[in-house]
Structure formats: C-alpha cells, structure tokens
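The values are calculated or read from the model by the stated rules, or taken from the named source; none is laboratory data. Nothing here was measured: the structure is a model prediction, and the numbers come from that model. Here the Cβ positions follow ideal geometry from the backbone for every residue, glycine too, while neighbour counts run over all protein chains shown.
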Amino acid sequence: MKSPQLYDNHNRPLNYLRLSVTDRCNLRCFYCMPEEGIRYLPKKELLSFEEIERLVTLLAGMGITKVRLTGGEPFVRTDLMKLIRKISAVPGITCLHLTTNGVLTAPYISDLKALGIASVNLSLDTLNRERFKQITLRDAFDSVMNTLELLIENQIPVKINAVVMDGKNIDDILPLVELTKHRDISVRFIEEMPFNGEGAHYPVLTWTHRKILSYITEAYPTLQKINDPDNSTASNYKVPGYHGDIGIIAAFSRTFCGTCNRIRVTAQGILKTCLYDDGVLNIRDLMRTGCSDDQIEQKLMHAFAHRPKNGFEAEQQRTANTPVHESMSTIGG
Ligand code: SAM
Ligand code: SF4
C-alpha cells in the first residue's frame with residue numbers, strides 16, 4: 001500500500017509516530033523522574049491494545065509509515081510483544097522501532113529480530129556500574145550491557161542514547177565514544193531537557209551541543225562530520241577508522257525543528273504535535289465517546305494544520321503558561 005503524504009501547516013511532511021505504551025518505569029533516571037517516581041495513571045486510563053491498533057491504522061491511512069514504541073519503559077507493559085505483533089501487521093507501517101532502557105529486553109530480542117524490528121534505541125548514560133546506579137537508582141547495569149551485546153549479536157541496528165548531565169556523567173563521554181571503535185553502533189549524546197517531573201535542574205544548560213562537540217573534538221581532533229539522514233535530530237560524526245559513529249542531539253537548544261516529521265501520542269492517548277507542547281488532542285476520549293474514524297481523522301488533520309513552528313513557540317503556547325515540568329516518562333521521549 002502506498003501511503004499518502006501528510007504535511008503540516010509549515011509544509012513539513014509528517015510520517016513518524018512516537019507512541020508511548022506506558023508511563024511506568026523500572027528505573028528512576030535522574031533527568032527523567034524524581035526519586036519517589038511520578039503518580040502513575042490508572043491502567044484503565046491507558047490506551048488499550050485495540051485502541052492503539054485502531055489509532056495506528058488510522059494514522060497509517062493518513063501517511064504515517066514509521067512508528068517508535070517508547071514509554072516509560074515499554075517492556076513494563078504486560079504482553080508488549082502482542083502489541084508489537086499487531087502494529088507490525090498494520091498495512092502502511094513500514095518500519096517499527098523501539099526505545100528501551102534494556103533492563104527487561106534481552107529475552108525478547110530474537111522475537112524482535114524475527115518480526116523485523118528496524119532498530120532499537122538503548123538508553124545508557126554511563127559504562128560505570130556504580131555510576132549507573134547513581135543515575136538510575138537501580139542496580140541493573142549488567143542486564144543493560146547484556147541487552148546491548150545481544151542486540152549487536154542479532155544484527156539489530158542499535159543506537160545508544162546518553163543524556164549528558166553536568167556533574168554526573170561527563171567522565172563517560174569519551175568511553176562512550178570508544179564504544180564505537182569495535183562496534184557498529186551509533187552513540188548519541190543528548191542535551192538534558194527539563195522533562196524530569198520537577199522542573200529544570202539548572203538555570204542555564206552548561207552541556208550544550210556545542211560544548212559536547214568541542215569536548216569530543218579536543219580528544220579526537222580528526223573527528224569527521226558525516227551525512228545526517230533525512231529528518232535526523234542528531235548531528236552525526238565519526239572517528240576515522242572506528243566501526244560505529246556518534247551523534248549529538250540539541251534537544252534543549254532545538255536546532256532541528258525545521259525538519260521535524262514527528263508526532264507523539266502519550267500512553268493515555270493525548271496527541272502532541274511538538275515535544276514541548278502540553279498536548280493538543282485527547283484521542284482516547286474521542287474513541288471512548290464513540291467518534292467514527294472519519295471524525296477522529298478530521299480532528300487530527302486540524303491539529304496537524306495548527307502545529308507550532310518550533311519547540312519555542314510550542315512552549316509559549318502551553319495552556320496556563322505552565323513551564324515544562326512533566327516527566328519524559330509520561331511523554332515518551
Ligand atoms: N524507558 C525507555 C528508555 O529509557 O529508553 C524509553 C523512554 S525514555 C523517556 C526515552 C528517551 O528519553 C531515553 O533515551 C532518555 O534518555 C530520554 N530522556 C528522558 N528524559 C530526558 C531529559 N530530561 N532530557 C533528555 N532526554 C531525556
Ligand atoms: Fe525510565 Fe526511560 Fe525515564 Fe529512565 S529515561 S526513568 S528508563 S522512562
């Protein structure tokens with residue numbers, strides 16, 4: 001099936017859905033959740049598998065071809081593989097990706113491979129077991145490393161997501177670059193954003209994308225810029241001779257909004273047309289009050305036709321002028 005092309009009001013094609021399947025998580029990453037966790041949604045408030053399947057089918061008919069499942073931690077949702085099977089069978093969805101912390105992932109890797117998963121993003125902010133515990137408040141480093149090695153062994157394309165945190169994991173930046181020496185993986189360094197459930201940690205972001213790049217370039221003066229794939233949020237580089245590559249994501253500075261092809265749906269079915277907005281449409285309630293597919297499609301089209309130009313505009317338009325304070329776990333990264 002050839003998908004129609006969907007555009008927003010700034011003539012940006014939209015083809016990528018990031019779908020959060022749960023707000024729950026088994027880690028407590030410093031940059032994402034407060035130590036005591038967040039108030040989780042009652043299960044009945046989450047989209048059911050049937051609702052998710054209906055939504056993905058609807059969006060695929062409108063032009064979405066790529067889906068990423070995220071969370072919270074996707075593998076905390078019961079029967080996740082059942083959902084993955086359903087979504088990968090939706091006509092028009094040509095690539096399915098997954099973002100996971102890797103703690104519970106290992107037993108499912110061969111099934112993911114068999115289902116043709118396009119890639120897995122694995123969150124890993126440090127290669128030091130003790131520091132992993134300090135950052136995530138859980139002792140799960142070995143499980144994550146095991147998942148990493150199994151993904152590579154199964155030849156599933158892997159991107160490591162490492163959030164750069166002032167005073168926490170700066171000493172890990174270069175070891176993470178070194179991980180690309182013998183492994184054909186991509187390590188992406190992400191600017192820390194204020195989505196931690198509590199509000200911004202710092203008045204000013206110290207480790208900007210520019211600072212991360214100059215820090216790495218100082219250690220690797222021959223670092224080469226390589227091509228950025230279409231709609232890439234990362235600026236990509238390679239150490240000559242290394243198998244893998246690295247990327248730097250200006251998630252806080254928002255330099256990539258001009259080519260943004262993404263929409264997000266939270267675990268409770270709220271549409272976000274920008275990471276920095278506070279939700280523009282409650283799709284779950286439309287479904288649960290009996291709206292037809294056509295009616296929902298019209299509401300979606302309206303939302304896509306009113307997308308903010310960039311993350312700064314989206315932040316300004318937040319209702320009640322609330323600054324960003326929600327946890328990334330509720331949004332889905
Ligand atoms: N639990 C899964 C995981 O950690 O990979 C998926 C959900 S997590 C919210 C998705 C991504 O968001 C992770 O790679 C994480 O590093 C990133 N993230 C979470 N909070 C962030 C923040 N405040 N700033 C930048 N990235 C963040
Ligand atoms: Fe959980 Fe992922 Fe947030 Fe860490 S980043 S607390 S693993 S949802």
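Among the numbered conditions (1) touching a residue at least 40 places away in the same chain (Cβ under 8 Å); (2) within 16 Å of ligand 1 (Cβ to nearest atom); (3) buried (at least 19 other Cβ atoms within 10 Å of the Cβ), the only one that A162 does not meet is (1). Filtering the range 62-89 to residues that are in contact (Cβ under 8 Å) with a residue 40 or more places away in the chain and more than 22 Å from N101 (Cα to Cα) leaves M62, G63, I64, T65. Of all the listed residues (T255, T330), the sole one being within 16 Å of ligand 1 (Cβ to nearest atom) and in a loop (DSSP other than H, G, I, E, B) is T255.
Looking at the range 4-26 only, could you name the residues that are away from ligand 1 (no atom under 16 Å from the Cβ) and in a loop (DSSP other than H, G, I, E, B)? It would help to see each step written out before you state the result.
Filtering the range 4-26 for residues away from ligand 1 (no atom under 16 Å from the Cβ) gives 4-15.
Within the range 4-26, P4, Q5, D8, N9, H10, N11, R12, N15 meet the criteria.
Contact map, the range 99-116: first residue in contact (Cβ under 8 Å) with a residue 60 or more places away in the chain, second residue among the small types (G, A, S) and within 11 Å of ligand 2 (Cβ to nearest atom), Cβ cut-off under 6 Å, separation 6 or more or different chains; pairs are T99/G333; N101/S123; V103/A140. Of all residues in the range 270-321, those that are modelled with pLDDT under 95 and more than 24 Å from the chain's Cα centre (by Cα) total 2.
Within the range 121-149, residues that are at positive phi sit with their Cβ atoms under 9 Å from residues that are away from ligand 1 (no atom under 12 Å from the Cβ) and modelled with pLDDT under 95, at 6+ positions apart or across chains, in these pairs: L137/E35. Within the range 224-249, the set of residues being free of Cβ contacts under 8 Å to residues at least 60 places away in the same chain, surrounded by 18 or more Cβ atoms within 10 Å (Cβ to Cβ) and of a type in the set (A, V, I, L, M, F, W, C) comprises A234 only. Within the range 174-209, restricting attention to residues that are crowded, with 19+ Cβ neighbours inside 10 Å and either part of a helix (DSSP H, G or I) or of a type in the set (K, R) (or both), the residue that is farthest from ligand 1 (Cβ to nearest atom) is V177.
Of all residues in the range 251-287, how many are surrounded by fewer than 18 Cβ atoms within 10 Å (Cβ to Cβ) and touching a helix residue (DSSP H, G or I) at 6+ places or on another chain (Cβ under 8 Å)? Selection size over the range 251-287: 2.
Check whether at least one residue in the range 42-64 is among the β-branched types (V, I, T) and either farther than 23 Å from C291 by Cα or touching a Cys at 6+ places or on another chain (Cβ under 9 Å) (or both), and report yes or no. Walk me through how you get there before you give the answer.
Here is the first cut: in the range 42-64, the residues among the β-branched types (V, I, T) are 52, 56-57, 64.
Then drop every residue that is not either farther than 23 Å from C291 by Cα or touching a Cys at 6+ places or on another chain (Cβ under 9 Å) (or both), which leaves none.
No, that holds for no residue.
This table checks each residue for (1) surrounded by 20 or more Cβ atoms within 10 Å (Cβ to Cβ); (2) more than 16 Å from ligand 2 (Cβ to nearest atom); (3) within 17 Å of I263 (Cα to Cα); (4) among the small types (G, A, S).
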{"site": "N11", "(1), (2), (3), (4)": "no, yes, yes, no"}
{"site": "L17", "(1), (2), (3), (4)": "yes, yes, yes, no"}
{"site": "C29", "(1), (2), (3), (4)": "yes, no, no, no"}
{"site": "E45", "(1), (2), (3), (4)": "no, yes, no, no"}
{"site": "E50", "(1), (2), (3), (4)": "no, yes, no, no"}
{"site": "V56", "(1), (2), (3), (4)": "yes, yes, yes, no"}
{"site": "M62", "(1), (2), (3), (4)": "no, yes, yes, no"}
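Which pairs do you get when a residue that is more than 15 Å from H325 (Cβ to Cβ) and without any contact (Cβ under 8 Å) to a residue 60 or more places away in the chain, found in the range 20-45, comes within reach of a residue that is near ligand 1 (Cβ under 10 Å from one of its atoms) and not aliphatic (A, V, I, L, M), reach meaning Cβ atoms under 7 angstrom, with the pair 6+ apart or on two chains? That search, which allows pairs on different chains as well, returns Y40/D23; Y40/R24.
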